[in-house]
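Enquirer: Just passing along the structure, written as C-alpha cells.
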Amino acid sequence: MKPWNIEICDVTLRDGEQTPGVSFSCQEKVEIARMLDTIGIELIEAGFPAVSPNEKQCVKAIANLGLDARVCGFARAREPDVATAIDCDVDMVSIFIPTSELHVRLKFKKPREQVLEDALGVIDFATDHGVQVRFAAEDASRTDLPFLKEVYRRASEHGAVLLSFADTVGCLIPTEMQRIMTELVASADKPLCAHCHNDMGCAVANTITAAQAGAFQLHTTVNGIGERAGNASLEELLVALRMKGGIERYDLSHLTELSRMVEKFSGITLPRNKPVTGELAFSHESGIHIAAILEDPTSYEYFPPDMVGSERKFILGKHTGKKALEHVMGSLGCELTDKQVCRVLDLVKDHSEHKCNVTPDVLKKLIRKAQQENA
C-alpha cells in the first residue's frame, strides 16, 4: 500500500474549546499541546489570539515551547487579528472568510467578491510580515464551486501556502466529499485542507474520503469535541490512517492517555462505547467471542488495544461462557471443580439479568456461594 500524502492539524485548542461550556486553562493547553507533539502531530492550532489577552498569552506560550510541531494561530481577515497572531510567534496564521452566499449576506451585507478582495489584502499583510498563511473558506461545502475555485486561486496568487475547505455545518456525506474534493484538488495549485464537522456523524468518514481524494492537511480534535456535534475525532482518524492509509509515523500508544486528559480538562464525558478510547472499546462479554479471543485476539479485534495505549477487558454477564469464566477466575487465583464452575456461571447469569454488574467483589461472593453449595 502506498501511504496517503497527508499531515494532521489538530484544532482541539481552538475549535475544540469552542464546544459550549468548555474553557481550557493555559496550563491545560500546554499539556495537551505537549502530548499532541509526542504523538507526532505536525501542526497544532493553538487558539484565536484576538479573542482575549489571556488567549494571546496561551498561544504565545505554546508557540515558544520548542515543540517539533508547527504552531498556528486563528484569525479573521482583519489586519489587527493577524498582527496579534504574529506577535505570538506562531509559524502560521489561518485566515478565514465565509464564502457561501448565506454567510456573506448575514455577516457582511456586501458582495462576496468585495469580501474576497478585502481578505486578499490581509493575506498580503501576513506574508509581508514573514508568516505562512493558510486561507480558509468558511461554509465552503455550501459555496458554489466556480466561486470557491476563484477564492482559492486568488488566495494562492497572494501567497497562501494552504487552502482550507470547511464543511462548517457538517452537511456533506462521503460521496459528496469525494466529488467536491477531487475537483478542487485537480484545480488548485496549493495543497487542500479538510476541516469537517460532525452534525450528521460523518466527520471522520468525510475526512478519510478527503484524504483519499487528495486532501493534504486533515483537521481533528481530541475526542471529536467542538461546536455542536463536534469535529473529526483525532484518535479515530489516526487509527484509520494506520489501518487503511499506510500511515505509521504517529505514536498511537498515547491516544488513550490524551483522550482521558481532554475528557478531564473539557468536562465532557466520553460515551462508554466511544471508538478507540471508550471504556468498552476493547471489552467483551459474549462467551463465543471471548473463547475465540483467547485463541486469537484478531478474531474479534481489528487492531490491538496496546496499539492505542489501552487494554482488553472481559466482562462477566448473562452472555458469559464457561471458558471466559474460567479465564477470569484463573486470573483471580481461584481453582474450582467443574461442578462449582458451572454453578458460578449460573449465579453470574442470574445476577446480571437483574441489571446488576458482576464486579470482582461480586464474583468472589458468588464463588464462595458455589463452593459452600458444592463442598
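The values are calculated or read from the model by the stated rules, or taken from the named source; none is laboratory data. As the structure is a prediction and not an experimental result, all values here were calculated from the model. Cβ coordinates were reconstructed from backbone atoms using ideal geometry, including for glycine residues, and neighbour counts include every protein chain displayed. These area figures cover heavy atoms from the full protein model, side chains too; ligands, DNA and RNA do not enter into them. Shrake-Rupley method; radii C 1.70, N 1.55, O 1.52, S 1.80 Å.
Enquirer: Regarding V308, is this residue open to solvent by less than 40 Å² (accessible area, probe 1.4 Å) and touching a residue at least 40 places away in the same chain (Cβ under 8 Å)?
Expert: Criteria met by V308.
Enquirer: Which number in (1) open to solvent by 50 Å² or more (accessible area, probe 1.4 Å); (2) under 21 Å from A136 (Cα atoms) marks the one condition that A210 misses?
Expert: Going through (1) open to solvent by 50 Å² or more (accessible area, probe 1.4 Å); (2) under 21 Å from A136 (Cα atoms) one by one, A210 breaks only (1).
Enquirer: Given (1) of a type outside the set (A, V, I, L, M); (2) out of contact with any Asp or Glu (no Cβ under 7 Å at 6 or more places or on another chain); (3) assigned to a loop (DSSP other than H, G, I, E, B), identify the lone condition not met by E31.
Expert: (3)
Conditions (1) part of a helix (DSSP H, G or I); (2) closer than 22 Å to I32 by Cα, marked per residue:
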position: D81; (1), (2): yes, no
position: V90; (1), (2): no, yes
position: I95; (1), (2): no, no
position: L102; (1), (2): yes, no
position: L106; (1), (2): yes, no
position: Q114; (1), (2): yes, no
position: D118; (1), (2): yes, no
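Enquirer: Residues in segment 311-329 that are open to solvent by 50 Å² or more (accessible area, probe 1.4 Å) and either in a loop (DSSP other than H, G, I, E, B) or over 30 Å from L258 (Cβ atoms) (or both): how many?
Expert: 9
Enquirer: Pairs under 9 Å by beta carbon, first residue open to solvent by 70 Å² or more (accessible area, probe 1.4 Å) in segment 90-112, partner among the polar types (S, T, N, Q), six or more apart or different chains?
Expert: Correct list of pairs: D91/Q132; E101/T143; F108/Q114.
Enquirer: Name the residues in segment 128-142 that are over 25 Å from the mean Cα position of the chain (by Cα) and either closer than 23 Å to A215 by Cβ or assigned to a loop (DSSP other than H, G, I, E, B) (or both), would you?
Expert: Listed by number, the residues that qualify are H129, G130, V131.
Enquirer: Given the structure, is G40 out of contact with any Leu (no Cβ under 6 Å at 6 or more places or on another chain) and touching a residue at least 60 places away in the same chain (Cβ under 8 Å)?
Expert: The answer is yes for G40.
Enquirer: Test each condition in (1) under 30 Å from T143 (Cβ atoms); (2) open to solvent by less than 40 Å² (accessible area, probe 1.4 Å) for L67 and report the one that comes out false.
Expert: That leaves (1) as the condition not met.
Enquirer: Would you tally the residues in segment 284-299 being in a loop (DSSP other than H, G, I, E, B) and surrounded by fewer than 16 Cβ atoms within 10 Å (Cβ to Cβ)?
Expert: The number of residues fulfilling the criteria is 1.
Enquirer: Need pairs with beta-carbon distance below 9 Å; first residue under 17 Å from T220 (Cβ atoms) and at pLDDT 95 or above and within segment 258-278, second of a type in the set (D, E) and in a loop (DSSP other than H, G, I, E, B); sequence gap 6+ or separate chains.
Expert: Close Cβ pairs satisfying both conditions: L270/E279.
Enquirer: If you scan segment 273-283, which residues turn out to be surrounded by fewer than 19 Cβ atoms within 10 Å (Cβ to Cβ) and in a loop (DSSP other than H, G, I, E, B)?
Expert: Matches in segment 273-283: N273, P275, G278, E279, L280.
Enquirer: What residue, of D251, D199, D189, is closer than 25 Å to Q132 by Cα, surrounded by fewer than 24 Cβ atoms within 10 Å (Cβ to Cβ) and of a type in the set (D, E)?
Expert: D189
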